[in-house]
Amino acid sequence: MQLRFLGHSAFEVKSSGGQTILIDPYLDGNPLAAVKSDQITADFIVVTHAHGDHLGDALKIARRCGSLLICVYELGSYLASKGFQTHNMHIGGAHDFAFGRAKLTIAWHGSQTPEGQYAGPAAGVMLWVDGSCIYHTGDTGLFYDMKLIGELNRVDYLLLPIGDNYTMGIDDAVKAVELVRPRVAIPMHYNTFGLIEADPEVFADKVRALGRECLVLQPGDTV
């Protein structure tokens, strides 16, 4: 399994079977992104919620590649009405795909379409690919059920926002690491624009003080 950080909250996951999964591919509007939308392909695209910096370029990529969009029911119904192939899920539900397994988790945040339509609750996603578990929290505030998620699952890579204002800030994200107890924590959703400026090295130092590994990835870096 390869996990590549594309910038902001966007990640690319490649399985040993050759499938490519994108999560929240906000690329063309992100000056810090590692690639543009026409430089990447996807078999599956997970959209945690419909805000522009997460839905991003998912529709451009899906239209060109015939990707399957994975998201909550309300957002999936909206996307299906526009002619896209979707797999609708909901919080707590899991499903097996060609790459492995996906499960949606709660995320304390909002969601609306570009037209201002309610798009269901925001979500996080857990992906099991080639024996590794990736937990992308989506945009979220800190919540205590993260402890339960960590107790029920061995999380290898925890991808979590640190930019504050719209999501957790550094200290709340450090607490999330303490609750989930992942093998590796990776910060995201910071420094893309002024309101979410944060120093990932401060986060990394605090995570390492807990005895946990932290990787600060630059856009384009691969694990």
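The values are calculated or read from the model by the stated rules, or taken from the named source; none is laboratory data. Bear in mind that the values here come from a model prediction, so they are computed numbers and not experimental data. Neighbour counts run over all protein chains shown; Cβ positions are idealised from the backbone, glycine included.
Key figures
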item	result
Cross-chain or 6+ apart pairs with Cβ under 8 Å, region 6-27 first and among the basic types (Lys, Arg), then buried (at least 22 other Cβ atoms within 10 Å of the Cβ)	Lys14/Ile21
Top-ranked residue of region 171-184 - restricted to ones that are buried (at least 22 other Cβ atoms within 10 Å of the Cβ), of a type in the set (A, V, I, L, M) and in contact with a Phe, Trp or Tyr (Cβ under 8 Å, 6 or more places away or on another chain), ranked as nearest to Asn30 (Cα to Cα)	Ala173
Qualifying residue in region 21-42 (condition: over 18 Å from Gly220 (Cα atoms), at pLDDT 95 or above and within 14 Å of the chain's Cα centre (by Cα))	no
In region 145-176, the residues that are hydroxyl-bearing (Ser, Thr, Tyr) and under 16 Å from Leu104 (Cα atoms)	Tyr157
Residue within region 192-213 that is in contact with a His (Cβ under 7 Å, 6 or more places away or on another chain) and either surrounded by fewer than 17 Cβ atoms within 10 Å (Cβ to Cβ) or of a type outside the set (Gly, Ala, Ser) (or both) present	yes
Residues of region 136-156 satisfying the condition of being crowded, with 24+ Cβ neighbours inside 10 Å and not hydrophobic (A, V, I, L, M, F, W, C)	His136, Thr137, Gly138, Asp139, Thr140
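A quick yes/no check of all residues on (1) more than 21 Å from His8 (Cα to Cα); (2) in contact with a strand residue (DSSP E or B) (Cβ under 8 Å, 6 or more places away or on another chain); (3) modelled with pLDDT of 95 or more:
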position: Lys103; (1), (2), (3): yes, yes, yes
position: Gly120; (1), (2), (3): yes, yes, yes
position: Asp139; (1), (2), (3): no, yes, yes
position: Tyr144; (1), (2), (3): yes, no, yes
